[in-house]
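The values are calculated or read from the model by the stated rules, or taken from the named source; none is laboratory data. Model, not experiment: these values are computed from the prediction. When we count neighbours, we look across all protein chains shown, and the Cβ atoms used for this are built from the backbone with ideal geometry, even at glycine. Note: accessible area is taken over every heavy atom of the protein model, side chains too, but ligands, DNA and RNA are not part of it. Shrake-Rupley method; radii C 1.70, N 1.55, O 1.52, S 1.80 Å.
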Amino acid sequence: AQLVSQVGGQVVALHPALIAGGFFEAREMLVRIDPADYELAVARVQAELAQAQAVIIATDARIVDAQARMDDAQSEFQHLTQLGATGAASKREVRRADLAYQTTQAQHDEAHALRKSTAAGRDAAQVALRQARLNLQRTELTFPFNGCITQEDVNVGQYVGAGQGVASAYGTDVM
């Protein structure tokens, strides 16, 4: 079996058994790629996620406020419409109340759209966080079985790319 890196970076550590004839245990870290960039990626995406959550909370409060203002404006418009039918309110007052209602309705709709957009951004950040954490885990190269190294093709300080083989081994597990 070949040990292949799934992420790129500089090799910062090798297991002492990573020599031809060296024995290792299953899931034992054999090669470590510098995790710094991958740790920063996790932190960056966590910050994006926290920012999206904060915007959602603020937007939820904005929606509640807009709903209350819209309800008040609608009540005022309905009241003035009734008064206007009897001549107790001018057409101008009714139009002004209608405009106020439409404005609060637009603000309410805008807040809902912002929340929906931000929720989509939050969902994308959650996926990006899972990917960033997976990439960080992939900085430690292991075999899923006990085995013996047949060939190693990597040194500390060397840059390896994603998909690059760094060692070969065979399993020593007894079936």
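A few notes on this one:
- Boolean, ASP72 is part of a helix (DSSP H, G or I), free of Cβ contacts under 8 Å to residues at least 60 places away in the same chain, over 30 Å from LEU49 (Cβ atoms) and within 44 Å of the chain's Cα centre (by Cα): yes
- The one condition in (1) over 29 Å from the mean Cα position of the chain (by Cα); (2) surrounded by 16 or more Cβ atoms within 10 Å (Cβ to Cβ) that ALA132 fails to fulfil: (1)
- Test for TYR38: is it of a type in the set (Phe, Trp, Tyr) and over 30 Å from ARG138 (Cβ atoms): no
- A count restricted to region 132-172 and to residues that are in contact (Cβ under 8 Å) with a residue 12 or more places away in the chain and not in a loop (DSSP other than H, G, I, E, B) stands at 21.
- Options GLY22, GLY87; residue that is on the phi > 0 side of the Ramachandran plot and either buried (at least 16 other Cβ atoms within 10 Å of the Cβ) or out of contact with any helix residue (DSSP H, G or I) (no Cβ under 8 Å at 6 or more places or on another chain) (or both): GLY87
- Subset of region 36-59 [in contact (Cβ under 8 Å) with a residue 24 or more places away in the chain, under 16 Å from ASP123 (Cβ atoms) and either open to solvent by less than 40 Å² (accessible area, probe 1.4 Å) or not β-branched (Val, Ile, Thr) (or both)]: VAL45, GLN46, GLU48, LEU49, ALA52, GLN53, ILE56, THR59
- Which listed residue is without any contact (Cβ under 8 Å) to a residue 40 or more places away in the chain, over 24 Å from TYR38 (Cα atoms) and touching a Leu at 6+ places or on another chain (Cβ under 6 Å), from ALA100, ALA89: ALA89
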